[in-house]
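Engineer: Below is the structure I would like to discuss, written out as structure tokens.
Throughout, read-outs are computed from the coordinates displayed, never taken from laboratory work. Remember, predicted model here, so these are calculated numbers, not experimental data. Neighbour counts are summed over all protein chains in view; Cβ atoms, including those assigned to glycine, are modelled from backbone coordinates with ideal geometry.
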Amino acid sequence: MNSLDMISTFLGWCMVLNFAVILLAVLIWSLFHEGMANLHAKIIGITREEAKVTFFRIVQQYRLAVAFLNVVPYRAGPHGSDNRSLELGDFFCILLVSTLAKGAEDEP
């Protein structure tokens with residue numbers, strides 16, 4: 001295994017773990033958003049609405065960081081396939097970039 005393959009494997013696993021963290025955070029927030037908003041509002045001293053907006057901004061920034069630090073280098077490097085047709089990874093990259101672009105349009 002050469003160093004490019006090791007880097008590609010490392011970035012692939014980082015991408016999987018980071019997406020799992022994002023999904024877990026969104027799942028926990030969707031189940032307990034009112035309680036978490038109240039708790040963070042009391043701890044930090046902000047309103048519940050500000051706590052909700054802050055959570056979504058943090059998740060958006062984390063997704064953007066994952067896209068630029070994991071997904072883009074992973075897709076740019078060799079990762080075991082010489083076939084450059086549209087693959088599942090390409091689909092997820094397109095989906096990620098489109099949702100990031102939509103989220104950037106929605107911000108005030």
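Engineer: Is segment 1-66 best put as rounded, prolate or oblate by its Cα gyration tensor, with a ≥ b ≥ c the root eigenvalues, rounded for a/c under 1.5, and otherwise prolate when a/b is larger than b/c, oblate when not?
Structural biologist: Working: a/c = 4.37, a/b = 3.03, b/c = 1.44.
Cα axes put segment 1-66 in the prolate bin.
Engineer: If you don't mind, there's one more thing I want to ask. Quick check: pseudo-label points 7 Å beyond the Cα along Cα→Cβ at E49 and A76, how many nm apart are they?
Structural biologist: 4.1 nm
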